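**Student:** Structure in structure tokens, see below.
The values are calculated or read from the model by the stated rules, or taken from the named source; none is laboratory data. The model shown is predicted, which means the values in this text are computed figures rather than measured ones. Here Cβ is always computed from backbone atoms with ideal geometry, including for glycine, and neighbour counts include all displayed protein chains. These accessible areas exclude ligands, DNA and RNA; they are computed on the full protein's heavy atoms, side chains included. Shrake-Rupley method; radii C 1.70, N 1.55, O 1.52, S 1.80 Å.
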Amino acid sequence: MGPDVVQGKDGRYYLYYCPDDKVKSIGVAVCDTPAGHYMFYGVVRDREGGILGERPGDTIPFDPGVFRDEDGTVYLYSGNGPRTEKEAVKTQKASVVMTLEDDMLTLRTEPRRLLPTVGHSRGTGFAGHELFEASSIRKIRGKYYLVYSSIACHELCYAVSDRPDRGFRYGGVVVSNCDLFPGEKPRYAFGNNHGGLECINGQYYIFYHRPTNRSMYSRQGCAERVEIRPDGSIPQVCVTSCGLNGGPLAAKGSYPATICCHLYGKRTPTYSVRMLMGNKHPYITQDGPDWSPGDAGQPPRQYIANGRDGMTAVYRYFHCEGTTRIQVTVRGRARGRLLVRLTPGGEPVGAVDLVPSGTWTKFSGQLAIPDGDHTLCLCYEGKGRLDFLEFSLS
């Protein structure tokens, strides 16, 4: 996680982040509006001016998260954890929480250990899911939910407590960005994950990201609806293509290929970064630098690249009513068929014939899909490679 923003008692908004320099600290920026132009305010420090992270005995500041409780107390969360027991012996990494004065900059209370990390997790219930980074906290139904990235890297887990600064119990996995469930295999490129819970119009969502462009540092933002059961537990969500749309997508109109929830090559995916991000596997990328609404021109086109024989892109869910046709926009030297299935290994319910094209070209095919909510699996069979931009249903 990080940066993270909270509103102070003065009504202004304070953004906490790790500065991009060699100084280990937590920077603070301030703005009058939550999405305005933030100005540098200072770095978190103690009453004597000692910078958090530079003092003797301080743990390494990392991925700050901030939370203002109903009584006005501001809690600052920080830290990351070692990946191995050997690293735990040598490192100053840890999960910590502290409180801030009303100036939003000065420590009111010193950092104290919070979630277990590797080397300190035996008997805690966190073993195998210890904190790695990215603390994000919310108060839900009187309980404090802390979402974090675990040492498994691809998963966001949660812990629950009656207090914001101690007593957290391991809850479970909220989402895996490669949709990995116990006993199963990844269905997307393995990569690190950050995010948090947010309530929108009475519905909770988990926001997270997944790797793109063959790098864990290129990331696509995603969101899934979350169920918080009456007992307070959160079952792991399945990755879908629905995002914030409230349910299955209508099987009409155009959709970007990059909303696939699963994407993998011919081989059965395995739990390996090299396997899933290697040259033989498809991946999401774009044809230009990042774009923001304030920039001139059009945003870069995002697409699936390196589609080879055996590529499978899965989209769930679509609500189909009289859906009989699909059109895809692709380019490349592909010569073969893009099959449409309702399950990855199921019988085809449609096909699109492809021939080589050096520019984005539309190809169409017929579908035979029963009415209802369905998963659509687009599977390439043929020679050469293709880039896949978008598809439309009618």
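**Student:** Step by step: find N for the stretch 186-276, compute 2.2 N^0.38 Å, then divide the Cα radius of gyration by it. What's the final number?
**Tutor:** Cα Rg divided by the expected 2.2 N^0.38 Å: 1.21.
**Student:** Looking at the chain, which longest stretch skips every one of the GluC sites (Glu not before Pro) that is in a DSSP loop with at most 13 other Cβ atoms within 10 Å, leaving the sites themselves out?
**Tutor:** In the chain, the maximal stretch lacking such sites is 228-320.
**Student:** Next up: Report the accessible area of Cys153, computed with a 1.4 Å probe over the heavy atoms of all protein chains in place, in Å² rounded to the nearest 10.
**Tutor:** Number for this one is 10 Å².
**Student:** Follow-up. Of the residues Thr258, Thr324, Thr240, which exhibits the maximal mean-square fluctuation in a Gaussian network model of the chain defined by a 10 Å Cα contact cut-off?
**Tutor:** For the chain, modelled as a Gaussian network with Cα springs under 10 Å, the answer is Thr324.
**Student:** Then there is this: Counting only protein heavy atoms and using a 1.4 Å probe, what share of the accessible area of the stretch 122-203 belongs to carbon plus sulfur, as a whole percent?
**Tutor:** 48 percent
**Student:** Next question, about the same structure. Keeping all protein chains in place, calculate the accessible area per residue for the chain (probe 1.4 angstrom), answer in Å².
**Tutor:** 47 Å²
**Student:** Could you rank Ser135, Ser394 by how accessible they are, 1.4 Å probe, largest area first?
**Tutor:** Ser394, Ser135
**Student:** Would you look at the GNM of the chain, springs on alpha carbons closer than 10 Å, and say which of Pro211, Pro164, Pro56 moves the most?
**Tutor:** Of Pro211, Pro164, Pro56, the Gaussian network model singles out Pro56 as fluctuating most.
**Student:** Averaging sequence separations of C-alpha pairs under 8 Å and six or more residues apart, then dividing by the length of the chain, give the relative contact order as a whole percent.
**Tutor:** 10 percent
**Student:** Once every Cα of the chain carries one equal point scatterer and solvent is ignored, give the base-10 log of I(q)/I(0) from the Debye formula at q = 0.08, 0.09 Å⁻¹, two decimals.
**Tutor:** -0.49, -0.61
**Student:** Along the charge dipole of the stretch 292-350, pointing to its positive end and built from +1/-1 on Cβ of Lys, Arg, Asp and Glu, which listed residue (Gln327, Gln298, Tyr317) has its Cα farthest out?
**Tutor:** Of Gln327, Gln298, Tyr317, it is Gln327.
**Student:** Compute the longest continuous run of the chain that contains no exposed chymotrypsin sites (Phe, Trp or Tyr not before Pro); treat a site as exposed when its DSSP state is not H, G, I, E or B and it has at most 16 other Cβ atoms within 10 Å.
**Tutor:** That would be 1-270.
**Student:** With every protein chain present, what accessible area does Asp71 have (1.4 Å probe, heavy atoms only), rounded to the nearest 10 Å²?
**Tutor:** Rounded to the nearest 10, the figure is 110 Å².
**Student:** Now, a different point. Among the aspartates and glutamates, select those whose C-alpha is under 20 Å from the C-alpha of Lys139, and discard any that sit fewer than 8 residues away in the same chain.
**Tutor:** Counting by Cα, and skipping residues close in sequence, Lys139 has these aspartates and glutamates nearby: Asp4, Asp63, Asp69, Glu70, Asp71, Asp162, Asp165, Glu198, Glu224, Glu227, Asp231.
**Student:** Rounded to the nearest 500, what is the chain's calculated 222 nm mean residue ellipticity when only DSSP H runs of at least 4 contribute -39500 (n - 2.57) each, over all residues?
**Tutor:** -500 deg cm²/dmol
**Student:** Would you work out which of Ser78, Ser121, Val66 lies farthest towards the positive end of the dipole of the stretch 38-137? Charges go on Cβ: Lys and Arg +1, Asp and Glu -1.
**Tutor:** It is Ser121, whose Cα lies furthest towards the positive end.
**Student:** Something else: Determine the dipole magnitude for the stretch 44-109: charges of +1 sit on the beta-carbon of Lys and Arg, -1 on that of Asp and Glu, nothing else is charged, the reference point is the Cα centre, and the result goes in debye to the nearest 20.
**Tutor:** 420 debye
**Student:** Could you give the length gained on full extension between Asp290 and Asp103, defined as 0.36 nm per residue of separation minus the Cα-Cα distance, in nm?
**Tutor:** 63.8 nm
**Student:** Of the listed pairs Lys86/Lys266; Lys9/Lys143; Lys185/Lys383; Lys143/Lys252, which have alpha-carbon separations greater than 31 Å here?
**Tutor:** Lys86/Lys266; Lys143/Lys252
**Student:** Any chance you could run the full-extension gain for Lys86 through Met39? It's 0.36 nm times the residue separation minus the Cα-Cα distance, nm to one decimal.
**Tutor:** 12.9 nm
**Student:** What is the extension gain from Arg122 to Lys9, computed as 0.36 nm multiplied by their sequence separation minus the C-alpha to C-alpha distance, in nm to one decimal?
**Tutor:** Gain on stretching Arg122 to Lys9: 36.7 nm.
**Student:** Pull up the cross-link candidates among the aspartates and glutamates for Lys362, meaning alpha carbon to alpha carbon under 20 Å and not fewer than 8 places away within one chain.
**Tutor:** Those aspartates and glutamates meeting the cut-off are Asp287, Asp309, Asp353, Glu381, Asp387, Glu390.
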